[in-house]
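Read through the structure below, which is laid out as structure tokens, and then see the notes.
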Amino acid sequence: MIRFSTAGESHGEALIALVSGLPAGVPVDLEFVNRELWRRQQGYGRGGRMKIETDKAHVLSGVRHGKTIGSPIAIEIVNRDWKNWEAKLPVEAGDPALHQAVASPRPGHADLAGALKYNFPDARYVLERASARETTGRVAAGAFAKLMLRTLGIEVASHVIRVGRVELECAAAWKEIAALAAKDEVVLGCVDEATEARMKEEVEEAARTGDTVGGVFEVVVHGAPAGLGSYANWDEKLDGLLSGAVMSIQAVKAVEIGRGMVAAGSFGSVVHDPIHYAAEETDKPMRFTRPQNNAGGIEGGVSNGEDIVVRGYLKPISTLRKPLESVRFDTREKTSASYERSDICVVPAAGVIAEAMVALTVARVAQEKFGGDSALELRRNFDGYIEQIRRF
């Protein structure tokens, strides 16, 4: 089974991603992996940290001669900002006078809850691990999952459908969404330029007032066959697995599959996707079709052959240049929340991170279904299944 974990702190020496369970023989394109890391750093409203870091994947194990070899893959991403923090966050005891405390917890952040949980006198160590800088490792791991899914013809992409009060009102086609990943300049990751311009104004307003702004991103999985996931057990349902994966991203406070929120206020006759059957074979894996995809490609916890659609609702970043009220850890006196260099808007970056989490989840359930220790065996099993459902 595909598993991954990350290690590292926001201002530590490096970030680490460890991926195990990928089959041997998956072609590895390091330029693609590094571009995924670059995409995570883009977007209008990012902070000064992105001007310091140039994230690059240094593969330590699991890849040889351009292909996976079946053993765990270890990836290192160096933090260039470490040189500014080495004396403040040493591995050894170091000089306590150089410690840079997070003296008052930020509302909306893990600061207070983390300090209480681990009995820390301030929130520095909480910030270091709870920071979204950790997601650099997730994106690196997700890039390898995407490379595996490529061998099966499955693709994952995202776009931004809302920033603050501005929302995309038109439907986005797969080709439009996929094309965003190829752009060399990322504004806010919206497929419609006019809407994106209004989204940019929303970010600018937040910047002028010392505030932050959230939004909604949508991740689409294209080419996934029917039959991924299961209705048999609660913890095998694909929509549950995807929801948990996306909800685990920092600042995500709600997850939607398809048009789940619209469905909650609609009649069933409007929401459910009718089933049609094509009399003649097409180039698609099966002849069952849908005129709409309100279910987001998942019914009963199982993929149904339509595009899988997952939306993440991202709250505004909790570090404000005009801080909210807080309390000092040491004296318990009223004060303003601590400020750390931060972003104004990270919705496009969150979409890229969500792509990684969705790709890792889909790759895992795909491998569970089709098996195979090598990419060749995996593809052979996949092709046999596709032929089965094509003939159904």
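Within the stretch 160-177, which residues are more than 11 Å from residue 218 (Cβ to Cβ) and surrounded by 17 or more Cβ atoms within 10 Å (Cβ to Cβ)?
163, 164, 166, listed by residue number.
Yes or no, residue by residue, for (1) under 18 Å from the mean Cα position of the chain (by Cα); (2) of a type outside the set (D, E, K, R); (3) surrounded by 20 or more Cβ atoms within 10 Å (Cβ to Cβ):
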residue: 212; (1), (2), (3): no, yes, yes
residue: 215; (1), (2), (3): yes, yes, yes
residue: 232; (1), (2), (3): no, yes, no
residue: 236; (1), (2), (3): no, no, no
residue: 254; (1), (2), (3): yes, yes, no
residue: 268; (1), (2), (3): no, yes, no
residue: 278; (1), (2), (3): no, yes, no
residue: 308; (1), (2), (3): yes, yes, yes
residue: 314; (1), (2), (3): yes, yes, yes
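Among the residues of the stretch 66-100, write down those that are without any contact (Cβ under 8 Å) to a residue 60 or more places away in the chain and within 16 Å of residue 341 (Cβ to Cβ).
80, 83, 100
Please note which helices (runs of 4 or more DSSP H) are completely contained in the stretch 154-249 and include at least 3 residues that are over 19 Å from residue 311 (Cβ atoms).
Details: elements: 174-180, 193-208, 238-247.
Of the helices (runs of 4 or more DSSP H) lying wholly inside the stretch 154-249, those with at least 3 residues that are over 19 Å from residue 311 (Cβ atoms) span 193-208.
Answer yes or no: is there a residue in the stretch 22-32 that is part of a loop (DSSP other than H, G, I, E, B), among the β-branched types (Val, Ile, Thr), touching a strand residue (DSSP E or B) at 6+ places or on another chain (Cβ under 6 Å) and crowded, with 18+ Cβ neighbours inside 10 Å.
Scanning the stretch 22-32, I find at least one residue that is part of a loop (DSSP other than H, G, I, E, B), among the β-branched types (Val, Ile, Thr), touching a strand residue (DSSP E or B) at 6+ places or on another chain (Cβ under 6 Å) and crowded, with 18+ Cβ neighbours inside 10 Å, so the answer is yes.
Which residue out of 262, 252, 216 is in contact with a Phe, Trp or Tyr (Cβ under 6 Å, 6 or more places away or on another chain) and under 23 Å from residue 190 (Cβ atoms)?
On the way: 262 fails: in contact with a Phe, Trp or Tyr (Cβ under 6 Å, 6 or more places away or on another chain); 252 fails: in contact with a Phe, Trp or Tyr (Cβ under 6 Å, 6 or more places away or on another chain).
Of the residues listed, the single one that is in contact with a Phe, Trp or Tyr (Cβ under 6 Å, 6 or more places away or on another chain) and under 23 Å from residue 190 (Cβ atoms) is 216.
Give 301, 297 a once-over and let me know the one that is touching a helix residue (DSSP H, G or I) at 6+ places or on another chain (Cβ under 7 Å) and surrounded by 18 or more Cβ atoms within 10 Å (Cβ to Cβ).
On inspection, the qualifying residue turns out to be 301.
So is residue 129 surrounded by fewer than 18 Cβ atoms within 10 Å (Cβ to Cβ) and closer than 15 Å to residue 251 by Cα or not?
yes
Conditions first: (1) at pLDDT 95 or above; (2) over 18 Å from residue 156 (Cβ atoms). Residue 225 passes all but one, so which condition is the exception?
Here residue 225 clears every test but (2).
Output the number of the condition that residue 249 fails; it satisfies all remaining conditions of (1) surrounded by 12 or more Cβ atoms within 10 Å (Cβ to Cβ); (2) at pLDDT below 95.
(2)
Report every pair of residues separated by at least 6 positions or lying on different chains whose Cβ atoms are under 6 Å apart, first residue within the stretch 317-328 and within 7 Å of residue 106 (Cβ to Cβ) and touching a residue at least 40 places away in the same chain (Cβ under 8 Å), second exposed (fewer than 14 other Cβ atoms within 10 Å of the Cβ) and β-branched (Val, Ile, Thr).
Between residues of the stretch 317-328 that are within 7 Å of residue 106 (Cβ to Cβ) and touching a residue at least 40 places away in the same chain (Cβ under 8 Å) and residues that are exposed (fewer than 14 other Cβ atoms within 10 Å of the Cβ) and β-branched (Val, Ile, Thr), there is no close pair.
For residue 15, only one of the following conditions fails: (1) among the aliphatic types (A, V, I, L, M); (2) in contact (Cβ under 8 Å) with a residue 40 or more places away in the chain; (3) farther than 26 Å from residue 214 by Cβ. What is its number?
(3)
Given the residues 223, 229, 265, which is the only one that is touching a helix residue (DSSP H, G or I) at 6+ places or on another chain (Cβ under 7 Å) and not aromatic (Phe, Trp, Tyr)?
Of 223, 229, 265, the one residue that is touching a helix residue (DSSP H, G or I) at 6+ places or on another chain (Cβ under 7 Å) and not aromatic (Phe, Trp, Tyr) is 229.
Hey, could you check the stretch 120-153 for residues that are in contact with a Phe, Trp or Tyr (Cβ under 7 Å, 6 or more places away or on another chain) and not in a helix (DSSP H, G or I) and say which is nearest to residue 222 (Cα to Cα)?
Within the stretch 120-153, the match that is nearest to residue 222 (Cα to Cα) is 152.
The values are calculated or read from the model by the stated rules, or taken from the named source; none is laboratory data. It should be emphasised that the depicted structure is a prediction, and the values quoted were computed from it without experimental measurement. Glycine also receives a Cβ, built like all others from the backbone with ideal geometry; neighbour counts cover every protein chain displayed.
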